[in-house]
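Trainee: Please find one structure pasted underneath; my questions will follow.
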Amino acid sequence: MARRKRRLLVPESRAALDQLKNQVMANQGYHVDSENPDSVKYEIAEETGVPLKKGYNGRLTSKQAGTVGGKIGGSMVKELIRIAQERMKEK
């Protein structure tokens, strides 16, 4: 099976998204490596008991993968909503 690569609609936003991820996860007490923003997923996987490792992870269930990705993505979405609400209040 071919490996899927997710591409951003606006590729120039990668740095800003990585910065947001680092900020959100650091606020939640996770160790953040600015050089490797994806490293936090391994810490979350270990914490939640998901056997995630570098390289091929095709044996993970959707639920396991969602546990790790949901914690990161969900936290980022909550922060973006909070920021948007603050900006709406200012106007």
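Trainee: Quick check on my filter: what residues within segment 54-89 are closer than 16 Å to residue 39 by Cα and surrounded by fewer than 10 Cβ atoms within 10 Å (Cβ to Cβ)?
Mentor: 54, 55, 56
Trainee: Continuing with this model, one more query. Mind telling me which of the residues 14, 6 ends up being farther than 18 Å from residue 83 by Cα and either in a loop (DSSP other than H, G, I, E, B) or β-branched (Val, Ile, Thr) (or both)? Steps first, please.
Mentor: Numbers: 14 fails: either in a loop (DSSP other than H, G, I, E, B) or β-branched (Val, Ile, Thr) (or both).
None of the others qualify; the one that does is 6.
Trainee: Right, another one. What is the number of the single condition among (1) at pLDDT below 95; (2) in a helix (DSSP H, G or I); (3) among the small types (Gly, Ala, Ser) that residue 84 does not meet?
Mentor: Evaluating residue 84 over (1) at pLDDT below 95; (2) in a helix (DSSP H, G or I); (3) among the small types (Gly, Ala, Ser) leaves (1) as the failure.
Trainee: Ok, one more. Give me the pairs: first residue in segment 57-84 and under 13 Å from residue 21 (Cα atoms), second residue outside any helix (DSSP H, G or I), beta-carbon distance under 9 Å, and six or more apart or on different chains, which are they?
Mentor: 71/28; 75/28
Trainee: Please specify each residue of segment 32-56 satisfying the condition of being in a loop (DSSP other than H, G, I, E, B) and either within 22 Å of residue 16 (Cβ to Cβ) or of a type outside the set (Ser, Thr, Tyr) (or both). Spell out how you get there, then give the answer.
Mentor: Pass one, segment 32-56, residues in a loop (DSSP other than H, G, I, E, B): 32-36, 49-56.
Matches in segment 32-56: 32, 33, 34, 35, 36, 49, 50, 51, 52, 53, 54, 55.
The values are calculated or read from the model by the stated rules, or taken from the named source; none is laboratory data. None of the values given here were measured: they were computed from a predicted structure. Methodologically, a virtual Cβ is constructed for each residue, glycine included, from the backbone with ideal geometry; neighbour enumeration extends over all protein chains shown.
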